[in-house]
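The values are calculated or read from the model by the stated rules, or taken from the named source; none is laboratory data. Keep in mind the model is a prediction, meaning the values are calculated, not measured. Neighbour counts are summed over all protein chains in view; Cβ atoms, including those assigned to glycine, are modelled from backbone coordinates with ideal geometry.
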Amino acid sequence: MSFKDHFSGHAQAYADARPSYSDELFEFLNSQCEQHDLVWGCATGNGQAAVSLAKIFKRVIATDGSAEQVEQAQQAENIEYRQMTAEQPLLEKNSCDLITVAQALHWFDTEKFFDNAKTCLKPGGVLAAWCYAVHQINEPVDAVVEKLYENVLGDYWPPERRLVENHYRDINFPFTTCLEQNFIMTREWSLEQICDYFTSWSALQRYRKQNGNDPLELIMEDLRHAWGMNPEKTQVVTWPLTVKLVRM
């Protein structure tokens, strides 16, 4: 089955540059689950969520449609990685206590995925899908980032990106109840680290491929000025993260 693959071509950059999730998020997921035998980490990417889930659940099956992403995945004894798409019904019926989708639901055929999830979840099992929108640092830096995000890369973002910007509120979750919980992710990054993060964006990679040059060059002078005199100085980066949670 084909899938919308925007990251295989830069799987290493993605693995190196993406922020990890907070302990608070996984404490919340832990509190929502009645049992902790098996979790399916769907569209696991490089396994950022899987390694945290492995500390809570006896067993983690982490899947991704991209072989390149799975090859970069972080390892743990109780994680089994598989290359498969979200829509493939390869897990046993009523087997999962939790299904997670980290920053990926917007790429799915959601109707097929939700049908698959309903089959895989145990009675009382939980599906949690989360996404994080554009980060904030401070007003001068944010203005430059907005220029990169909207003006330079605007036409290179896939249309599904708008679902993330609206915190998945435009996705229909065909379940009786759907809870929304909000968190904040924070990191302290240097100018080099934030530029590495930009490089992991699918739109930036698409721009490079189509134009043969680096769009960061168009904003670097402004970004350096906004960052301050010392590019190695770290600044606090925050992302608003939204979890949509449903229960069988």
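Residue check: is GLU221 assigned to a helix (DSSP H, G or I), at negative phi and either loosely packed, with under 15 Cβ neighbours inside 10 Å or of a type in the set (Gly, Ala, Ser) (or both)?
Yes: the conditions hold for GLU221.
Looking for something in contact (Cβ under 8 Å) with a residue 60 or more places away in the chain, under 17 Å from LYS147 (Cα atoms) and over 21 Å from the mean Cα position of the chain (by Cα) - is there at least one such residue anywhere in region 232-243?
No: zero hits.
Can you tell me which residue among PHE198, PHE175, PHE183 is part of a loop (DSSP other than H, G, I, E, B), out of contact with any His (no Cβ under 7 Å at 6 or more places or on another chain) and of a type in the set (A, V, I, L, M, F, W, C)?
Going through PHE198, PHE175, PHE183 in turn, the sole match is PHE175.
Restricting attention to region 171-224, report how many residues are without any contact (Cβ under 8 Å) to a residue 40 or more places away in the chain and within 21 Å of GLN136 (Cβ to Cβ).
3
Within region 194-248, track down each residue that is among the hydroxyl-bearing types (Ser, Thr, Tyr), modelled with pLDDT under 95 and over 30 Å from PHE28 (Cα atoms).
The answer is THR199, and nothing else.
Residue by residue, here is whether (1) of a type in the set (Lys, Arg); (2) at pLDDT 95 or above; (3) farther than 22 Å from GLN32 by Cβ holds:
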residue: MET84; (1), (2), (3): no, no, yes
residue: SER95; (1), (2), (3): no, yes, no
residue: ALA117; (1), (2), (3): no, yes, no
residue: GLY125; (1), (2), (3): no, yes, no
residue: GLY154; (1), (2), (3): no, yes, yes
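State which residue pairs qualify: first residue among the β-branched types (Val, Ile, Thr) and inside region 88-105, second residue part of a loop (DSSP other than H, G, I, E, B) in any location, beta carbons under 7 Å apart, and separation of 6 or more residues or different chains.
Close Cβ pairs satisfying both conditions: VAL101/ALA43.
Restricting to region 11-33, name every residue that is modelled with pLDDT of 80 or more and under 14 Å from the mean Cα position of the chain (by Cα).
Answer for region 11-33, where residues must be modelled with pLDDT of 80 or more and under 14 Å from the mean Cα position of the chain (by Cα): PRO19, SER20, TYR21, SER22, LEU25.
Quick one: which of HIS6, HIS36 is part of a loop (DSSP other than H, G, I, E, B), of a type outside the set (D, E, K, R) and either at pLDDT 95 or above or closer than 25 Å to GLU188 by Cα (or both)?
Of the residues listed, the single one that is part of a loop (DSSP other than H, G, I, E, B), of a type outside the set (D, E, K, R) and either at pLDDT 95 or above or closer than 25 Å to GLU188 by Cα (or both) is HIS36.
I need the full set of residues from region 188-201 which are in contact with a strand residue (DSSP E or B) (Cβ under 9 Å, 6 or more places away or on another chain), crowded, with 17+ Cβ neighbours inside 10 Å and closer than 25 Å to VAL243 by Cα, in order please.
Passing the criteria: TRP189, ILE194, TYR197.
Restricting attention to region 40-63, and to residues there that are more than 11 Å from the chain's Cα centre (by Cα) and part of a loop (DSSP other than H, G, I, E, B), which single residue is surrounded by the most Cβ atoms within 10 Å (Cβ to Cβ)?
Per the stated criteria, the residue is PHE57.
Which members of region 128-182 meet the condition of being among the acidic types (Asp, Glu), surrounded by fewer than 15 Cβ atoms within 10 Å (Cβ to Cβ) and over 25 Å from ALA117 (Cα atoms)?
GLU139, GLU146, GLU150, ASP155
Take the residues of region 79-131 that are aromatic (Phe, Trp, Tyr) and part of a strand (DSSP E or B): which is nearest to the chain's Cα centre (by Cα)?
Going through the qualifying residues, I end up with TRP130.
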